[in-house]
1. Take GLU15 and decide whether it is assigned to a helix (DSSP H, G or I) and closer than 16 Å to PHE147 by Cβ.
2. For the range 104-140, give me the residue count where each residue is within 18 Å of ALA36 (Cβ to Cβ), in a loop (DSSP other than H, G, I, E, B) and open to solvent by 80 Å² or more (accessible area, probe 1.4 Å).
3. Only residues that are in a loop (DSSP other than H, G, I, E, B), among the charged types (D, E, K, R) and in contact (Cβ under 8 Å) with a residue 60 or more places away in the chain: list them for the range 76-103, please.
4. Could you list all residues from the range 18-38 that are in contact (Cβ under 8 Å) with a residue 24 or more places away in the chain and not in a loop (DSSP other than H, G, I, E, B)?
5. When the range 20-62 is examined, which residues are found to be open to solvent by less than 70 Å² (accessible area, probe 1.4 Å) and within 19 Å of PRO116 (Cα to Cα)?
6. For ALA144, all conditions in the list (1) touching a residue at least 40 places away in the same chain (Cβ under 8 Å); (2) open to solvent by less than 50 Å² (accessible area, probe 1.4 Å) hold save one; what is the number of the exception?
7. Here is a list: ARG69, ARG13. Which entry is open to solvent by 40 Å² or more (accessible area, probe 1.4 Å) and over 22 Å from VAL131 (Cα atoms)?
8. Failed condition for ALA3, given (1) of a type in the set (A, V, I, L, M, F, W, C); (2) open to solvent by 80 Å² or more (accessible area, probe 1.4 Å); (3) without any contact (Cβ under 8 Å) to a residue 12 or more places away in the chain, with all others met?
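The values are calculated or read from the model by the stated rules, or taken from the named source; none is laboratory data. Bear in mind that the values here come from a model prediction, so they are computed numbers and not experimental data. Cβ: placed from backbone, ideal geometry, glycine included. Neighbour counts: every protein chain shown. We work out accessible area using only protein heavy atoms, side chains counted, and drop any ligands, DNA or RNA first. Shrake-Rupley method; radii C 1.70, N 1.55, O 1.52, S 1.80 Å.
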Amino acid sequence: MDARVAEFREQYRREHISRHYRGWLHFAFTSVGALAVVIVAFSHVRNVLISELAVIPTTFLFANFVEYRVHRGPMHHRRQGLGLLFKRHTLQHHRFFTDAEMQHGGSRDFAAVLFPPVMLLFFLGAIASPVGLLLFAVASSNIAWLFVGTA
């Protein structure tokens, strides 16, 4: 491993990963939390029309487009008010994992890959829920639940 990457990883682990951090617990919380939202949302869908199912691929494509734009934009270019996002992604994540050094050194390194658990609440509360409520008001409850479950 490149000495600079190895040195940064050790420094990052010391300064940014608590000794109480459990990578598999972080991964499980994020995965189970997201899966629970999918199950709850899809369980509310009733008598779905084929035309309502179009929201699934539309949401999938839209979400991937937004993720791409955020990744190519403020995650890689410093923007006012989004400095923490830039710092965590470009200055930390891309120094921890490089094109030549993609392997991790154990589950504690999940901290350098996964969003903090609170971000699940942010994505649900600030993005999926408001859009879902809007779709509930202007379209149908099925479209709203399918959007939330897919997003």
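1. It is false that GLU15 is assigned to a helix (DSSP H, G or I) and closer than 16 Å to PHE147 by Cβ.
2. 1
3. Result: GLU101, single match.
4. If the condition is that a residue be in contact (Cβ under 8 Å) with a residue 24 or more places away in the chain and not in a loop (DSSP other than H, G, I, E, B), then GLY23, TRP24, HIS26, PHE27, PHE29, THR30, GLY33, ALA34, VAL37, VAL38 are the ones that fit.
5. TYR21, GLY23, HIS26, ALA28, THR30, SER31, GLY33, ALA34, ALA36, VAL37
6. So the condition that ALA144 fails would be (1).
7. Only one candidate qualifies: ARG13.
8. Against the list (1) of a type in the set (A, V, I, L, M, F, W, C); (2) open to solvent by 80 Å² or more (accessible area, probe 1.4 Å); (3) without any contact (Cβ under 8 Å) to a residue 12 or more places away in the chain, ALA3 comes up short only on (2).
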